[in-house]
1. May I ask for the percentage of alpha-carbon pairs in region 39-123 that lie more than 20 Å from each other?
2. I need the Kirkwood Rh of region 1-74: take the reciprocal of the average 1/r across all distinct C-alpha pairs and report it in angstrom.
3. Where a Cα-Cα gap under 18 Å defines reach, which aspartates and glutamates qualify for Lys75, not counting those fewer than 8 residues away within the same chain?
4. Most fluctuating residue of Gly26, Gly88, Gly11 in a GNM of the chain with Cα springs under 10 Å: which is it?
5. Rounded to the nearest whole Å³, what is the per residue volume of the convex hull around the Cα atoms of region 1-40?
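Bear in mind that the values in this text are calculations on the coordinates, not laboratory data. Only a predicted model underlies this, so the values are computations on that prediction, with no experimental measurement involved.
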Amino acid sequence: MRDAAVMMLEGLKSRNERASVGADKGYDTADFVADCRRMGVTPYIAQTTDTRRRSAIDRRTTRPAGYALSQRIRKRIEEVWGWMKTVGGFRKTRFKGWERTELAAYLVGAAYNLVRMAGLTAA
């Protein structure tokens, strides 16, 4: 999983601007953070709060305001996935095959957008 992320980040090398990547606690490892920094990518990764191991994210990453902003945005994305799993019934797919599962994901995502739009217009 982390190896695939590193491969995708290597595709950003052609860009001249500084890039950042946001991820959950599963990516808070010394090797992934070192790979990100080697490529010039700022790792906005959620810190591990487990007392058994130390987080690979240090103050030079958490100090800028961009880190706090990325964590708030990441939380909003996680809320969408939570809704899709609980309300949308997408915790375990009922379909065989990539195409049918993908179509079901699009339908559940569209339903979420409709519910969200209804809530936004009511406010």
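1. 56
2. About 12.7 Å for region 1-74.
3. Asp24, Asp28
4. Highest fluctuation of the listed residues: Gly11.
5. Dividing the Cα hull volume of region 1-40 by its residue count gives 58 Å³.
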